[in-house]
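Asker: Structure in structure tokens, see below.
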Amino acid sequence: MATRKLRVAIVHDWFVGGGAERVVYELHKLYPDAPIYTSYASQEWRKKLDGKIITGWLQYLGAIRKFIPFLRIWWFTRLDFSGYDLVLSSSGAEAKGIKVPEGTVHINYCHAPTHYYWGRYDEYLAHPGFGMLDPLARLGLKVSIGPLRKWDYRAAQRPNYMIANSSHIQAEIKKYYGRDAVVINPPVDIDRFAHAKLTNERHGFLVGGRLTPYKRNDLAVQACTKLALPLTVFGDGPDRIRLQRMAGPTITFTGRIPEKEVIKQFSAASAFLFPLLDDFGIVGIEALAAGTPIIAYKAGGALDYVQEGKTGLLFPQQTVNSLCEALKAFPGHHFDHKAIASSAQSFSTEAFRKHMLAFIEKAI
């Protein structure tokens, strides 16, 4: 293999937007000639990936493809990877279950063991996220969870190697799949914050992004309301109305704001609040890139980048009172904003490519 160009294919669950797609975007930069197989892709992502995306009949099923994981399983497991030396799968669902010929190396970048089968099963039952079709989605998941878990476990045994996007997911892979994995954190476009003002003149706290219940922005709103602390909530989503109802006079909602304004908000905040348990949390690295310390729930991906007293503070329980205690303690700490911004460099796109290439070279 070392004497000729590698024949590489890339596989991903679906392309609609988010951190998982960013991983594939960087893999595409490493292997620009590699075809990218997926169950569904938006036109935006087809353009971003230079027309390398290959889809099948699932592309034309519309929203129904989201309801029937058995169809995605069928499609991915019947892809033919004959003639490839290396297949890179990026997956938090079915794409890891592909079958490759003997002699082909399959490396899976695992964003998480499938949420709706394992760690967040109860959460998905409570909030399936299909709007009026929630009852149907809830029933389908209850009926099929047994065989789907069995398939998902078997599928996770197929890759030759597994990479986890955080130490938290590394532990989850071991817990649910019984496999070891190497941690390579996902790429973050920290260059966007290259001109952020690393000033000590900061005021108030910041939280936001897509406002959904699982992100637990309600803890930030309630804690800052209780302590009468200024909090800016940026972004929009299905949880916005509920959050506004519980908010006191010190809470400001901006709605969706332009990119430049997001960077300005990060740079002006005393701290970014991160009350959820996330697989990794790219928004946390973006806060660091702006020199902003993070007050995070002591769990999940945040543990890979929130260093107590250096890049932020951690609160031990996912409760309003626990967050309140961290907010009270925050003024007693001095944070070096330049050092915080510098810490984000290890999560850059360049760092991701370097670590991935080194891992691939060893694997092959």
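All of the numbers you see were taken from the coordinates with simple rules; none came from a lab. These figures come from a predicted structure and were not determined experimentally. Don't worry about glycine lacking a Cβ; one is built from the backbone with ideal geometry, like all the others, and counts go over all protein chains shown.
Asker: Ranked from highest to lowest mean number of other Cβ atoms within 10 Å per residue, what is the order of the peptides 306-316, 8-18?
Answerer: Descending packing order for the listed peptides: 8-18, 306-316.
Asker: Identify which of the listed values of mean projected area of the Cα convex hull in nm² was calculated from the structure shown: (i) 19.5; (ii) 18.3; (iii) 17.4.
Answerer: Recomputing mean projected area of the Cα convex hull in nm² here gives the entry labelled (ii).
Asker: On the principal axes of its Cα set, how long, how wide and how thick is segment 237-359? Give whole Å, largest value first.
Answerer: 50, 33, 26
Asker: At a temperature of 10 °C and a viscosity of 1.306 mPa s, determine how fast segment 18-168 diffuses translationally according to Stokes-Einstein, using the Kirkwood radius over alpha-carbon pairs as Rh; express D in µm²/s, rounded to the nearest whole number.
Answerer: For the chosen part, D equals 96 µm²/s.
Asker: If you don't mind, another one. Pull up the cross-link candidates among the lysines for LYS52, meaning alpha carbon to alpha carbon under 22 Å and not fewer than 8 places away within one chain.
Answerer: Excluding near neighbours in sequence, the set is LYS5, LYS29, LYS96, LYS99.
Asker: If you line up the Cα atoms of segment 263-313 on their principal axes, what length do they span on each, largest first, in Å?
Answerer: Projected onto the principal axes, the Cα atoms of segment 263-313 cover 27, 20, 15 Å.
Asker: Relative contact order of segment 190-347, please, whole-number percent, based on alpha carbon pairs below 8 angstrom and at least 6 residues apart.
Answerer: Relative contact order comes out at 24 percent.
Asker: Ranked highest first by the average count of other Cβ atoms within 10 Å around their residues, in what order do 279-285, 104-110, 175-181, 195-201 fall?
Answerer: The packing order, highest mean first, is 279-285, 104-110, 175-181, 195-201.
Asker: Considering only DSSP beta bridges where both residues belong to the chain, give the percentage that are antiparallel (nearest 5).
Answerer: Here the share of antiparallel DSSP bridges comes out near 0 percent.
Asker: Based on the Cα coordinates of segment 291-362, what is the per residue volume of their convex hull in Å³?
Answerer: About 94 Å³ per residue, rounded to a whole number.
Asker: Between 0 and 90 degrees, rounded to the nearest ten: what's the tilt of helix 19-30 against the longest Cα principal axis of the chain?
Answerer: Helix 19-30 and the main axis of the chain meet at about 60 degrees.
Asker: What is the set of long-range amide H partners of SER42 at a cut-off below 5 Å, with H atoms built 1.01 Å from backbone N?
Answerer: PHE15
Asker: Okay, moving on. Could the peptides 345-357, 79-91 be put in order, highest first, of the mean number of other beta-carbon atoms found within 10 Å of their residues?
Answerer: 79-91, 345-357
Asker: Could you identify which residue out of TRP74, TRP118, TRP57 has the top mean-square fluctuation in a GNM of the chain using Cα springs shorter than 10 Å?
Answerer: So, out of TRP74, TRP118, TRP57, the one fluctuating most is TRP57.
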